[in-house]
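This report concerns only the one structure given below.
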Amino acid sequence: METNDTDRTPGPSEHSTATDSRRKRASSPPRAEAIDLSATYVHLEDGPNARPVAVGPDFWETIERRTDLAGGRLVLVFHNAADWPTWEMHPAGEEIVYLLSGAVDLVLAETDGEHVLALRPGQAVIVPRGVWHRGIVHAPGDTLHITRGEGTLNRPA
């Protein structure tokens, strides 16, 4: 039986190799890096993406103008060395405040007055959307926050 070039299987020397410039390499995923959540926040975008967000001294004063943070959630760690100097409020969504270490009272300004929640390590509070809140520090430590950054407002305590 006679064969032509279209009927046969290519031999080893006819296959593409990894060094063949015509062969496209699969792109590798980005390399994971350790992040200090007190200096670089993470924005969990709506959908599958998470990206680091550089934090400068004016981050919270300018957050209402940060269109790149619209939607999604911010994840951050805040060191509580003293009482929070401002009240804050998140009109775009609820916030989770989880105490990692120390002792902090979270004060919520609710419609019927101030409500104080004593947090100890391992405890969390879900702060309702639109409720002004601040922290009273009894022992320095850290809190983990998960919040919609979009539209966050601050006022003096």
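The values are calculated or read from the model by the stated rules, or taken from the named source; none is laboratory data. Worth saying up front: this structure is predicted, and the values here are computed from it rather than measured. Note that each Cβ is placed from the backbone with ideal geometry, even for glycine, and that neighbours are counted across all protein chains shown.
Looking for whichever is under 29 Å from ALA157 (Cα atoms) and modelled with pLDDT of 85 or more here; the options are GLU33, GLU95. Which one fits? I'd like the intermediate steps shown before the answer.
Working: GLU33 fails: under 29 Å from ALA157 (Cα atoms).
Every option except GLU95 fails the conditions.
Answer yes if at least one residue in region 59-70 is loosely packed, with under 13 Cβ neighbours inside 10 Å and β-branched (Val, Ile, Thr), and no otherwise.
Scanning region 59-70 turns up at least one residue that is loosely packed, with under 13 Cβ neighbours inside 10 Å and β-branched (Val, Ile, Thr).
Take region 101-117 and flag every residue that is in contact (Cβ under 8 Å) with a residue 24 or more places away in the chain and either within 23 Å of GLY151 (Cβ to Cβ) or in contact with a Leu (Cβ under 6 Å, 6 or more places away or on another chain) (or both).
VAL104, LEU106, VAL107, LEU108, ALA109
Taking the condition of being within 22 Å of ASP36 (Cα to Cα), crowded, with 20+ Cβ neighbours inside 10 Å and either free of Cβ contacts under 8 Å to residues at least 60 places away in the same chain or charged (D, E, K, R) (or both), how many residues in region 71-88 meet it?
Matching residues across region 71-88 total 1.
Step by step: first the residues of region 97-153, then only those that are loosely packed, with under 15 Cβ neighbours inside 10 Å and polar (S, T, N, Q), then the one that is nearest to HIS79 (Cα to Cα). Which residue is that?
Filtering region 97-153 for residues that are loosely packed, with under 15 Cβ neighbours inside 10 Å and polar (S, T, N, Q), the one nearest to HIS79 (Cα to Cα) comes out as GLN123.
Filter region 37-58 down to residues that are in contact (Cβ under 8 Å) with a residue 12 or more places away in the chain and under 25 Å from VAL137 (Cα atoms), then give me how many there are.
So the answer is 7.
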